[in-house]
Structure formats: C-alpha cells, structure tokens
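Working notes for the structure below.
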Amino acid sequence: MSSPSGPWRAALDDVDRRLGDRVDRFVCAHHVRRLRRLGWSAALSAGPGEGREERPAREGNSVEVLVDGEEALGAMIEAIVGARSYVHIAGWFASPDFRPIREPGAPTLAEILTEVAERVPVRILLWAGPPVPVFKPTRGMVRASRDDFMRDSKVRCELDRRERTMHCHHEKLVVVDDEVAFVGGIDFTDLSGDRLDSSAHAPDRALGWHDLATRLRGPIVADVAGHFAQRWSEVAAEPLPEPVVPAPVGTTSVQLVRTVPERTYEFAEKGEFTILQSYLRALRSARSLIYLENQFLWSGEVVDVLVDKLLRPPQDDFRLLVLLPTRPNDGADTTRGQLGRLIAADAGHDRLLAVTINSHADDRTGPLYVHAKVGIVDDSWLTIGSANLNEHSLFNDTEVNVVIRDPDEVRATRLRLWSEHLQLPETEISGDPAKVIDGLWRPMAAAQAQLTQSGSPRTHRLTLLPNLSRRAERLQGPLRGLLVDG
C-alpha cells in the first residue's frame, strides 16, 4: 500500500503531533511527581543559581579535555601503567582483549591490568548486562569478560546488577592513586565501533568513533574516587578508605554531577539527579549560544527548554547548534521527533542548526558514530561525561559528568571541537559564534547535503543531519520515554 499523501498526510501528521505532545506532557508530569516524591523537585525547576546541590564545586583543579579515543585512551593507559597505590575503573563494559594502544604487538587491556596488579590493587566495576539477552553486552559476555580479567591475575572485577529494569550502569571512570581521574564517555572496548579512533577520522574502519573524556587533577579527584568507593563498597562488600583530597594544582572550578536512581544504593536511597539539574539550569541561563554534542536528544525536559529559547530568543544572535550521529544505535525516530519540535519552534529564523559528521579523506566518506556527551553554554559552562540527553541518562541509569565553569577552558574546548568538525584552523573560527555558524557551519553542511542528494562524492566530513522535517515522527519519542521510564 502506498503511503498517504496530500491532505491525508497532513491530517496524519497533525494527529501524530497532537498525540506526541500529549504523551510528552504525561511523561514530564510523571517525572515531576516522581522527583517531588523524592525531594528532588528543584532538579526540574531550578533556574540559574537555584536548586539542591549534593556537593559543591571544587576549586583549584587542572582539567585537560581529551578529544577522541586515541588521545583519551592513551592518557588513561599512561596513568594506569604508572600507578603507585591503586587503579579503579568503572564502565558500562570492558573487553579483556581490547588493545588500547594502536601499535603492532601492543598488549591487551587484560595483559596491562594483570601486570599492574602485581604491584597495586586493580579494581574493575562493570554493569552485569541486561537480564534478557536482547542486546549486547549480554550477561554471558560480561561474565566471560570478568573471568578473563581475573584469570591468572590479581585483578578484581565485580559485576553490578543493581540496575533499574531496562536500564544500566553507564558511567565511564578511571581513578589512579587519588591523584588523577578520568571522566567521560569512552569504554575500554571495540564493541560496536572503533573507540581508538583519532581526530583525523580516516574512513578506513568499519565504524569510526567520536568521543571525549577529561583528565582531572586537584581536589575534584576526591569526588570521583569517592563515588567509585560508594558503589564498590555496596557491590563488592569491601569498604574502601576515604579518598585523600589532593592539593590545588590549577585554577579551574569543577563539579561532579551524577544520576543515581532511587532505591538502587543505600548511599543515595532517594537518588541523585544533579546532571539533569545542571543541564536545565545552564540551558535556561543561555543568552547567545547552546552547543550540544550527544548520542541522543530525546529528553522532553531538555527539549522544552530549547523550544522556549527558539520561540523567545534571549537576543537576536542566539544560536542552537546540535551535533548528533547520522543513525543513533537506538532511539533514531525519537531524536528525529524531538528535532521536529525544534524545527517548528525555529520557524525558519535559522537560529537552529542540526548537523552530523562522517569520516572523510580525499574522495572517500565513511561512517562515524557521534558518541560524545558534551554541552556548552555561552562559552562559560561546559559539561562532559557519560550522560546522554534522554530519559535513561537523566533519570534511570547511573551516570557521572563533570561541570566546568572556566571561560578560557570552555572556549578552548569549543574551538578545538569546531576546528575538528569544520576542518579549519582555530584562527579561522575564533570569531563571534553566531557569525561562524551562519558563515561556515550552515553553508558547509548544506553544500555537503546537496552533494549527497545529487549522488556526487562528498568533499567534507560535515553535513546536515539527514531525514529532518517538521513532520518527523512526533509520537515515537514520548512513547519511548513512557516505556523506558519508571
């Protein structure tokens, strides 16, 4: 049967939109009731400077933003190999046979950790996998990985089954010696894509990978170490000593924010939702720029704020730039539906731009997965971590992000990312963000989309996000949110 067209198509779109809006309101109202019951109402309603803080920002830190796996994983392994007291790793999944260094004959992750464990305790905390093997990593895969990490080794690996139904432990952390910590979105595995990809993103692999992590030194390390200790103590029944708070080593203010669902751990019986709170508070404060890199964009609460910014822009040059994967591995229609709301709110004013990237070199273009979880507001607020902009990460999975409020660091991170995606030196993109978006991002992405549409070879990695329209499936997003939330 052919798809409906003309008036029938318009009528179906209108029904889809109305139902989608209604279910979205229902899901958001459910979140309001849930967080009110838990004493976390302020996470949804807080404006700038408002809301409940579980821990204050730490002053006196050194922060390095590590872009893409080659740089980030290399830094992590360097710290792990140099450990003098301990190594703690928490992840969604880790593969013992993963080689985190791209060199001939490089050791596997299990071999590296086994050698280090001869000198210092090495503890790994992984999600136990889904109760039903509907997607990877299955529980069988995770158990096999645990056994491989511990075989003929002093490494200790524990599996955490304390997830909510249909959810997981998603955070990605490395802590070494109470001196250095890594918080980001990269796991030690090649499951689903090449985590070890470089910022060059050459199209010579099955699926390239764009991701970020932070290397932290200074007092903030104690908060990352303390979070790992809280989870480990309950899962492994092994209390860990209170982390030593390192002396100041820099000038950057950093705050650890988390998602911890209620009734999951004794240390947070009523949960913690400071990632949600920090995002909503920062987005509401935006005056000129919101820049988001994320695997998903289907949180009704986040999109509501973005819609309001587009309907009532704080100033004429306000811009919303989002970088998303071409085809997310889950929730594709969900993201497209919420972007349809943003397109309608923008109403042709060109304050919104939704793009994606591919691997590209010479005349070859290949797939590249955007797995980053980055938010930047007005070059004054930056968050990086494991949290996606969906109901999973903001309400139901365990997640860890850091929030950085150092204008120099925030702007430097934005320029580095924009330089990578636009394939231009920072000196050519360092001007007013609105002018750079209008003068470089938009025409460059549109030109590449036109080449693709005409069947011609691409000449750049950047392009418009495909399959976007005001008529994007509106109902599927809120229905998914309704199904996955509890």
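Some points to look at:
- Residue in the range 459-473 that is modelled with pLDDT of 95 or more and either open to solvent by 50 Å² or more (accessible area, probe 1.4 Å) or in contact with a Lys or Arg (Cβ under 8 Å, 6 or more places away or on another chain) (or both) present: yes
- Members of the range 237-260 found to be among the aliphatic types (A, V, I, L, M) and open to solvent by 10 Å² or more (accessible area, probe 1.4 Å), listed by number: 237, 240, 244, 245, 247, 249
- Selected residue [buried (at least 22 other Cβ atoms within 10 Å of the Cβ), part of a helix (DSSP H, G or I) and either at pLDDT 95 or above or in contact with a strand residue (DSSP E or B) (Cβ under 9 Å, 6 or more places away or on another chain) (or both)] from 394, 415: 394
- Test result for residue 445, at pLDDT below 95 and hydrophobic (A, V, I, L, M, F, W, C): no
- Residue in the range 81-92 that is under 27 Å from residue 221 (Cα atoms), touching a Ser or Thr at 6+ places or on another chain (Cβ under 6 Å) and of a type outside the set (Gly, Ala, Ser) present: no
- Tabulated pairs, the range 134-156, first among the aromatic types (Phe, Trp, Tyr), second part of a helix (DSSP H, G or I), C-beta under 6 angstrom, 6+ apart or interchain: 149/110
- Residue count for the range 397-412 satisfying the condition of being within 13 Å of the chain's Cα centre (by Cα) and either under 14 Å from residue 291 (Cβ atoms) or not in a strand (DSSP E or B) (or both): 1.
- Qualifying position, being at pLDDT 90 or above and either of a type in the set (Lys, Arg) or open to solvent by less than 20 Å² (accessible area, probe 1.4 Å) (or both), among 33, 25, 55: 33
- Residues satisfying the stated conditions in the range 203-215, i.e. open to solvent by 10 Å² or more (accessible area, probe 1.4 Å) and either under 10 Å from residue 69 (Cβ atoms) or in contact with a Ser or Thr (Cβ under 6 Å, 6 or more places away or on another chain) (or both): 203
- Of note, residue 78 does not satisfy the criterion of being modelled with pLDDT under 90, surrounded by fewer than 19 Cβ atoms within 10 Å (Cβ to Cβ), within 28 Å of residue 405 (Cα to Cα) and not hydroxyl-bearing (Ser, Thr, Tyr).
- Those residues of the range 423-434 which are surrounded by fewer than 17 Cβ atoms within 10 Å (Cβ to Cβ) and without any contact (Cβ under 8 Å) to a residue 24 or more places away in the chain, in sequence order: 424, 425, 426, 427, 428, 430, 431
- Given (1) outside any loop (DSSP other than H, G, I, E, B); (2) touching a residue at least 24 places away in the same chain (Cβ under 8 Å), number of the condition residue 226 does not satisfy: (2)
- Taking the range 202-216 as the range and being within 19 Å of the chain's Cα centre (by Cα) and assigned to a loop (DSSP other than H, G, I, E, B) as the test, the residues that pass are 207, 211.
- Residue within the range 418-433 that is small (Gly, Ala, Ser), within 21 Å of residue 358 (Cβ to Cβ) and in contact with a helix residue (DSSP H, G or I) (Cβ under 8 Å, 6 or more places away or on another chain) present: yes
- Filter result for the condition that a residue is basic (Lys, Arg), out of contact with any Phe, Trp or Tyr (no Cβ under 8 Å at 6 or more places or on another chain) and more than 22 Å from residue 238 (Cα to Cα), over 195, 164: 164
- Residue 380 vs. criteria closer than 21 Å to residue 209 by Cα and out of contact with any Ser or Thr (no Cβ under 6 Å at 6 or more places or on another chain): no
Table: residues versus (1) modelled with pLDDT of 95 or more; (2) among the β-branched types (Val, Ile, Thr); (3) buried (at least 18 other Cβ atoms within 10 Å of the Cβ).
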site	(1), (2), (3)
66	yes, no, yes
87	yes, yes, yes
106	yes, no, no
118	yes, no, no
121	yes, no, no
130	no, no, yes
133	no, no, no
149	yes, no, yes
154	yes, no, no
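- Scanning the range 213-223 for residues that are in contact (Cβ under 8 Å) with a residue 12 or more places away in the chain, within 24 Å of residue 461 (Cα to Cα) and in contact with a Gly (Cβ under 7 Å, 6 or more places away or on another chain) turns up at least one hit.
The values are calculated or read from the model by the stated rules, or taken from the named source; none is laboratory data. Everything quoted here is computed from the prediction, not taken from an experiment. Glycine gets a Cβ as well: all are built from the backbone with ideal geometry, and neighbour counts include every protein chain shown. Each accessible area value is taken on the protein alone, full model and side chains, heavy atoms only, with ligands, DNA and RNA left out. Shrake-Rupley method; radii C 1.70, N 1.55, O 1.52, S 1.80 Å.
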